[in-house]
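Working notes, beginning with the structure itself.
The values are calculated or read from the model by the stated rules, or taken from the named source; none is laboratory data. Because the structure is predicted, anything quoted here is derived from the model rather than measured. Cβ atoms come from the backbone with ideal geometry, glycine included; neighbour counts cover every protein chain shown.
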Amino acid sequence: MGTAQILPGTLELLILRAVSLGPLHGYGVLSRIEQLSSGAFTIEEGALYPALWRLERQDLVSSEWGASASNRRAKFYAITRKGKARLGEQVEAWDRLVDAMGMVLGKKADAR
Amino acid sequence: MRPLHALFGWVDRVTGRVGFERNMTDEIESHIAARADDLEQTGLSRVEALRQARRQFGRQIRCREAGRDISRYRYLDELHANLRDALRGLVRDRSFAVVATSVIASVLATNMVLFAFLDAYFLRPLPIASADRHVELSVRGDQGRWRTAWPLNDVERILTDDNSVLERGYAFTTRRVIVGGPHPQRAYVEVVSPSYFDLLRPRLMMGRPPAADQHGRPERAVMLSHSGWKRLTASDPAVLGRSLLVDGVSLAVVGVLPEGTGGLEPVTPEFWMLAGAADVGAAGRAPEYGIAGVLREGVSVDQAAAALTPLVRSFSFAQAAPSATQNPEPGTRTYDARVELRTTLLRESRELQPLALSLLLLFGLVTAIAAANLTSLHLARATARRHDLSIRAALGASRGRLIRHLLTESLLVSMVAAVVAWGLSVASVAAVQGIVFSLVSDAGMTMLPVDVDGRIVLAACALAAVVGIGCGLLPALQTTKMDRSLALKRDALWLSGTVSAGRLRGALVVVQVVLSLPLLVGAGILVRSANSATRVDVGYPIDGLIDLRPDGTSARLLDKLRSVPGVQAISVVSSTPLTGGMTRMSGRVNGSELRLGTNEVDDHFFDTLGISTIRGRVFSASEAASRVPVAVISEATARRFWPSQNAIGRTIELEDTEVVGQYRQYEIVGVVADVMSGFFFQGRDANAVYRPGGGAGSPLPDILVRLDRESATSMAALRTACGDVGAFCEPYSFRRILAQQRVPFEVASLIASGLGFLALGLACLGLHGLVRFSVVQRTREFGIRQALGATRRRILLGVLVEAVRRVGWGIGIGLPICLGLSAFIASRVPIVASFDPVAYGFVPLVLLAAALMASVFPALRAASTDPIRALREQ
């Protein structure tokens with residue numbers, strides 16, 4: 001699988017999905033997304049943090065300082081109840097978008 | 001900028017901003033370290049791994065910027081940046097900074113001084129607990145008579161009533177006494193009941209207030225006010241226990257109040273003493289006291305009045321049986337108690353309301369003029385900065401952000417002005433107080449010092465903020481209302497915004513002229529009435545006329561005074577002219593009952609004053625000595641009661657001063673010229689009845705002396721003559737009495753002309769700014785016109801005519817408003833003329849002349865435009 005640019009506006013969805021599996025520090029979020037996309041998505045590291053902070057400010061994630069696996073001090077982000085609800089909505093919207101795009105581009109017909 | 005950085009450094013620490021920044025750094029560093037750990041495992045050295053991790057992270061600075069934009073510190077950053085820019089802008093454009101600051105500071109300072117006075121006397125509660133329930137008692141009779149003072153035994157019936165509606169009541173009266181020593185001097189004393197101090201609970205500089213002993217006997221002691229301590233004891237630090245000789249009675253000093261504190265009265269006396277402790281200052285009459293106190297909680301003034309009415313009806317004055325001749329229907333005369341709130345030093349009164357109203361109106365007008373001026377200044381500045389603003393807009397600043405940017409500057413100017421105004425008002429409050437209360441201080445009394453306290457400074461800051469935002473908002477909205485695509489061209493394409501801004505400024509000048517007209521006309525009217533007050537004719541020559549103010553009169557003293565060189569004539573009177581009016585007495589003329597002004601005078605009175613006899617004669621020495629029931633009346637009185645008839649030989653009935661309710665008949669023997677007996681602004685007496693008196697059996701309290709020439713030596717000679725016969729006197733010239741009465745008018749005209757000049761200055765400043773601005777804006781136009789053959793004179797005239805036209809508009813709109821306003825004020829303050837042709841004619845001319853002066857320099861600049869340079873520059 002080759003690399004792909006993430007679509008504008010989807011970084012927050014990816015982050016919410018990553019932290020929905022368990023608390024992660026920033027670098028962990030990055031690794032998780034790369035891992036989940038099998039290395040297809042490479043995220044600009046400097047852009048990750050503003051996105052995380054924005055989510056935190058909107059109460060979609062919460063943060064806490066703790067120790068990482070390599071015993072370094074790191075800030076861990078966990079999804080909040082509000083974040084889970086938002087993730088559900090966004091996944092649904094994304095599915096509808098993919099379906100619609102697929103229909104327009106004739107992908108579904110081809111697949112059948 | 002360094003103080004600004006320091007300030008924001010402090011703000012950052014207080015708001016947790018420092019922790020926020022540290023967290024961002026830690027998180028980014030932790031990310032880079034984690035990435036470097038992974039890279040190290042691919043075989044890179046630690047140093048190389050860290051370098052690569054940093055490179056991969058990208059520009060940290062942008063990450064942090066984005067973090068700050070998201071955080072709640074964004075507005076703080078914006079404020080910091082805006083303040084920094086505003087400061088730089090003001091430093092660059094110093095003339096704007098100075099003019100705008102002066103405009104606001106001058107208006108803020110005048111408002112602060114006004115409110116310092118209003119606050120001290122009308123707004124600040126009395127220095128007691130439950131000041132909101134502090135009341136004073138008076139008694140009204142059904143025939144318009146009223147009383148506010150009663151003998152002590154009557155008063156005590158109310159003060160000691162267990163079921164009283166008063167939670168704590170006290171008796172009070174003010175007396176003038178003579179405090180002895182090597183240099184005896186007059187002093188004011190407040191005589192109160194012990195409960196006064198229970199209520200006031202004064203914090204003393206030293207000692208304690210006087211108290212009653214266990215049997216209720218008042219202590220023969222005094223508590224000095226700070227001014228009394230300074231004046232009567234020369235600030236003696238060991239004054240406690242020493243005694244003060246008051247009207248010959250020795251009283252111990254037991255306490256001294258600190259500076260700036262007083263009692264419950266607007267005029268601070270020299271000292272306080274207890275009622276009944278010593279008979280001082282009463283001049284032989286039985287002392288009478290007023291009643292005040294704090295109402296019980298939940299009792300209204302009407303309930304209190306209803307509860308007190310039966311008590312006051314049992315007072316001795318109400319019990320005095322009216323005679324049959326005077327009151328044919330017994331029992332019809334009734335008295336009701338009236339209870340009025342006085343929660344501040346001065347009670348709100350109908351007399352003071354129009355004064356306060358006019359003052360507020362004047363100050364409001366000046367503030368409005370300054371606001372119009374400031375708006376115009378900000379508009380000019382914002383228009384001049386449009387290039388800078390459009391660059392900001394092009395770089396992505398929203399309109400809101402641009403408006404916030406502009407408002408920061410106007411707020412900053414306002415706040416700097418508030419600080420300047422604080423200094424100005426503190427400096428001027430003492431000076432203004434000195435002038436305003438010179439009348440009182442000349443009479444030996446002190447008023448509580450008025451100060452600009454924290455509340456006034458806060459209020460001024462709030463006003464400054466409102467003015468800053470209010471005046472900055474319109475220009476900010478106007479200037480940012482522009483098309484961004486045209487923004488960077490800096491050319492005539494911007495004209496739309498400029499033209500409407502110019503029109504707005506023109507309208508603002510008209511507004512300033514309209515608003516300054518009433519101020520200037522009002523100032524003109526007041527200055528003229530103050531001027532006419534200096535030329536007032538009281539009806540007799542006042543040069544050389546002296547009010548001796550002795551502590552008592554005796555034949556020996558009069559003889560001694562007659563022998564003083566330079567003394568032409570001497571007279572004894574009961575009510576001194578020009579010091580408050582004649583004694584009002586009930587009288588009957590031609591069968592109708594009415595109040596008449598009366599004065600008891602001796603046979604020399606008319607000669608001494610120089611009042612001419614019109615018909616009949618004045619009193620003879622024997623009439624004065626034996627108080628024969630004859631009377632001399634004024635011309636106005638004769639005209640009123642016997643128009644076109646001879647008043648001589650007719651009779652007037654006057655209330656008997658000794659037998660309550662009895663009337664005495666007086667035969668009129670003479671008619672004299674009308675004079676002023678009351679305060680000069682009350683005009684000549686509407687009616688005046690002179691009765692003979694001053695004989696050995698009925699000495700009159702005051703002595704008038706006519707000197708051939710008034711001088712310090714002759715005054716000293718009079719004082720010495722009094723001292724020689726063991727008397728005390730305080731010679732006071734009528735010239736000085738009249739001058740003191742003029743003080744309020746002079747102060748009013750001073751305030752009004754001060755405000756008027758401020759208004760004129762502001763209006764001219766606004767006009768000058770406008771003309772200068774429009775000339776700069778139209779440089780290109782003038783260049784083209786000159787190139788096309790317009791003469792310099794024509795351009796100069798064009799600019800001047802435009803300025804005059806604006807002022808003309810303002811005068812046209814302002815004059816009718818002005819006429820309405822002055823008619824309104826004149827209806828409330830009768831001594832002010834409603835229409836003064838001189839003020840009305842003069843002021844528009846002054847405004848026009850000032851407008852021409854203000855615009856002539858910019859107009860000359862317009863006329864001297866070099867067409868080639870003008871066209872090249874633009």
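Just to be sure before I move on: is residue B:45 of a type outside the set (D, E, K, R) and modelled with pLDDT under 90 in the structure I sent? Show your work before the answer.
Working: of a type outside the set (D, E, K, R): yes; modelled with pLDDT under 90: no.
Criteria not met by residue B:45.
Does segment B:239-251 contain at least one residue that is free of Cβ contacts under 8 Å to residues at least 12 places away in the same chain and either under 30 Å from residue B:304 (Cα atoms) or in a loop (DSSP other than H, G, I, E, B) (or both)? The answer is yes, given that some residue of segment B:239-251 is free of Cβ contacts under 8 Å to residues at least 12 places away in the same chain and either under 30 Å from residue B:304 (Cα atoms) or in a loop (DSSP other than H, G, I, E, B) (or both). Of the candidates B:790, B:854, B:849, B:803, the single residue that is at pLDDT below 80 and hydrophobic (A, V, I, L, M, F, W, C) is B:854. Pairing residues of segment B:790-814 that are surrounded by 17 or more Cβ atoms within 10 Å (Cβ to Cβ) with residues that are among the basic types (Lys, Arg), at Cβ distances under 7 Å and at least 6 apart in sequence or on separate chains, gives B:795/B:785. Considering only residues in segment B:654-690 that are modelled with pLDDT of 90 or more and closer than 22 Å to residue B:593 by Cβ, the one that is surrounded by the most Cβ atoms within 10 Å (Cβ to Cβ) turns out to be B:690.
Within segment B:265-279, work out how many residues are part of a loop (DSSP other than H, G, I, E, B) and in contact with a strand residue (DSSP E or B) (Cβ under 6 Å, 6 or more places away or on another chain).
If we filter segment B:265-279 for residues that are part of a loop (DSSP other than H, G, I, E, B), which is where we start, we get B:265-266, B:269-270, B:275-279.
Now narrow it down to the ones that are in contact with a strand residue (DSSP E or B) (Cβ under 6 Å, 6 or more places away or on another chain): B:269-270, B:275-278.
Total meeting the criteria: 6.
Within segment B:601-628, the set of residues being touching a residue at least 40 places away in the same chain (Cβ under 8 Å) and assigned to a loop (DSSP other than H, G, I, E, B) comprises B:602, B:603, B:610, B:611, B:612, B:617, B:618, B:619, B:627, B:628.
Condition (residue is over 30 Å from residue B:233 (Cα atoms), in contact (Cβ under 8 Å) with a residue 24 or more places away in the chain and among the β-branched types (Val, Ile, Thr)) applied to segment B:187-196: is it met by at least one residue? Can you show your working first?
Within segment B:187-196, the first condition is being over 30 Å from residue B:233 (Cα atoms), and the residues that meet it are none.
So far as segment B:187-196 goes, no, none of its residues is over 30 Å from residue B:233 (Cα atoms), in contact (Cβ under 8 Å) with a residue 24 or more places away in the chain and among the β-branched types (Val, Ile, Thr).
For residue B:203, the criteria (1) outside any loop (DSSP other than H, G, I, E, B); (2) over 23 Å from residue B:729 (Cα atoms); (3) not small (Gly, Ala, Ser) hold in every case but one, which is (1). Of the residues making up segment B:8-25, those that are within 12 Å of chain A (Cβ to nearest Cβ) and surrounded by 14 or more Cβ atoms within 10 Å (Cβ to Cβ) number 3. From the list A:66, A:106, A:83, the lone residue that is within 17 Å of residue A:23 (Cβ to Cβ), over 16 Å from the mean Cα position of the chain (by Cα) and modelled with pLDDT under 95 is A:66. Residue B:292 - would you say it is within 28 Å of residue B:154 (Cβ to Cβ) and without any contact (Cβ under 8 Å) to a residue 40 or more places away in the chain? No, not satisfied.
For segment B:442-475, a residue qualifies if it is crowded, with 20+ Cβ neighbours inside 10 Å, part of a helix (DSSP H, G or I) and at pLDDT below 85, and exactly one does: B:475. Among residues of segment B:555-583 that are closer than 23 Å to residue B:742 by Cα, those with a beta-carbon under 6 Å from a residue that is of a type in the set (Asp, Glu) at least six positions away or on a different chain give the pairs B:576/B:547; B:576/B:702. Flag: residue B:706 does not match the condition of being over 30 Å from residue B:804 (Cβ atoms), among the charged types (D, E, K, R) and without any contact (Cβ under 8 Å) to a residue 24 or more places away in the chain.
Being among the hydrophobic types (A, V, I, L, M, F, W, C) and modelled with pLDDT under 85 holds for only one residue in B:548, B:561, B:504, B:557, and it is B:504. Wholly within segment A:1-85, which helices (runs of 4 or more DSSP H) include no fewer than the required count, namely at least 2 residues that are more than 10 Å from every other protein chain (Cβ to nearest Cβ) and surrounded by fewer than 19 Cβ atoms within 10 Å (Cβ to Cβ)? By residue number, A:11-20, A:26-36.
Looking only at segment B:267-295, filter to residues that are of a type in the set (D, E, K, R) and under 33 Å from the mean Cα position of the chain (by Cα); which one of those is modelled with the highest pLDDT? Talk me through it step by step, then tell me what you get.
Of the residues in segment B:267-295, the ones of a type in the set (D, E, K, R) are B:270, B:279, B:285, B:288.
Those left that are additionally under 33 Å from the mean Cα position of the chain (by Cα): B:270, B:288.
Details: B:270: 89, B:288: 84.
Checking each candidate, the answer is B:270.
Where helices (runs of 4 or more DSSP H) fall entirely within segment B:34-104, those with at least 1 residues that are facing chain A (nearest Cβ under 9 Å) and surrounded by fewer than 17 Cβ atoms within 10 Å (Cβ to Cβ) are at B:46-57, B:60-70.
Return yes when residue B:762 is part of a helix (DSSP H, G or I) and either surrounded by 19 or more Cβ atoms within 10 Å (Cβ to Cβ) or touching a Cys at 6+ places or on another chain (Cβ under 6 Å) (or both) and no when it is not.
So residue B:762 passes the test.
Quick check on residue B:203: is it surrounded by fewer than 17 Cβ atoms within 10 Å (Cβ to Cβ) and at pLDDT 90 or above? Give the steps one after another, and end with the answer.
Numbers: surrounded by fewer than 17 Cβ atoms within 10 Å (Cβ to Cβ): yes; at pLDDT 90 or above: no.
For residue B:203, the condition - surrounded by fewer than 17 Cβ atoms within 10 Å (Cβ to Cβ) and at pLDDT 90 or above - is not met.
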